Amino acid sequence: MTDARFEDGDEAPLRLMALAPDDLPVLAALVQDAVFPITEMTYARPRRRFAILLNRFRWEDREAADRERRPYERVQALLTVETVTAVRSSGIDRGQTDTILSLLALTYSGPAEGPGRLTLTLAGDGAIELEVEALEISLRDTTRPYRAVSGKAPAHE
């Protein structure tokens with residue numbers, strides 16, 4: 001299957017799934033420091049799907065960029081969580097439609113199979129908690145990589 005936004009010779013878009021708690025650390029590392037407008041987050045209750053269109057730093061390319069002395073890159077990606085039965089948030093004002101959120105971490109609590117809670121920790125003490133019937137998360141790049149505006153990798157202090 002090919003993606004019309006990518007041409008022959010382009011690097012293949014990233015596509016990952018986390019179906020068990022052991023799968024989550026890799027996916028969580030790739031979305032660390034992703035940013036997104038609050039308006040790009042949605043919960044489709046009838047489909048039990050939560051999705052965020054986010055702008056993520058390409059952590060998987062950082063070492064190669066350093067070695068080749070080229071600019072760091074970002075890419076737009078879709079993070080989708082299936083089997084969501086409830087969504088709660090704290091520290092977020094959904095009425096502020098111009099707000100940009102920064103995703104710091106994804107954590108899961110619950111059994112390896114069955115219902116649990118996926119927490120998206122945001123900068124500024126915000127959080128989104130998703131009650132899920134089972135852990136089923138996908139991450140798919142939707143654009144070609146582009147130069148990070150700041151030219152720097154995200155840093156934590």
Could you tell me which residue of segment 97-145 is farthest from the chain's Cα centre (by Cα), considering only residues that are closer than 30 Å to ALA64 by Cβ and small (Gly, Ala, Ser)?
ALA123
Suppose we filter segment 99-121 for residues that are open to solvent by less than 60 Å² (accessible area, probe 1.4 Å), over 19 Å from VAL26 (Cα atoms) and not small (Gly, Ala, Ser); how many remain?
2
List, please: which pairs have Cβ atoms under 6 Å, are six or more places apart or on different chains, and start with a residue in segment 83-111 that is outside any strand (DSSP E or B) and end with one that is acidic (Asp, Glu) and surrounded by fewer than 17 Cβ atoms within 10 Å (Cβ to Cβ)?
THR83/GLU133; GLY91/ASP125
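Which is loosely packed, with under 15 Cβ neighbours inside 10 Å, modelled with pLDDT of 95 or more and over 20 Å from PRO154 (Cβ atoms), of ARG88, ARG15, ARG48?
Matching residue, one of ARG88, ARG15, ARG48: ARG88.
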Residues of segment 18-45 being closer than 14 Å to LEU130 by Cβ and loosely packed, with under 15 Cβ neighbours inside 10 Å, in sequence order, are THR42, ALA44, ARG45
For residues in segment 51-85 being open to solvent by less than 50 Å² (accessible area, probe 1.4 Å) and among the hydroxyl-bearing types (Ser, Thr, Tyr), which is nearest to ALA18 (Cα to Cα)?
THR80
Restricting attention to segment 145-156, does a residue exist that is open to solvent by 60 Å² or more (accessible area, probe 1.4 Å), touching a residue at least 40 places away in the same chain (Cβ under 8 Å) and either closer than 16 Å to ASP23 by Cβ or of a type in the set (D, E, K, R) (or both)?
yes
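The values are calculated or read from the model by the stated rules, or taken from the named source; none is laboratory data. As the structure is a prediction and not an experimental result, all values here were calculated from the model. FYI the Cβ positions are ideal-geometry reconstructions off the backbone, even for glycines, and counts take in every protein chain you see. Quick note on the areas: whole protein, heavy atoms, side chains included, nothing else; ligands and nucleic acids left out. Shrake-Rupley method; radii C 1.70, N 1.55, O 1.52, S 1.80 Å.
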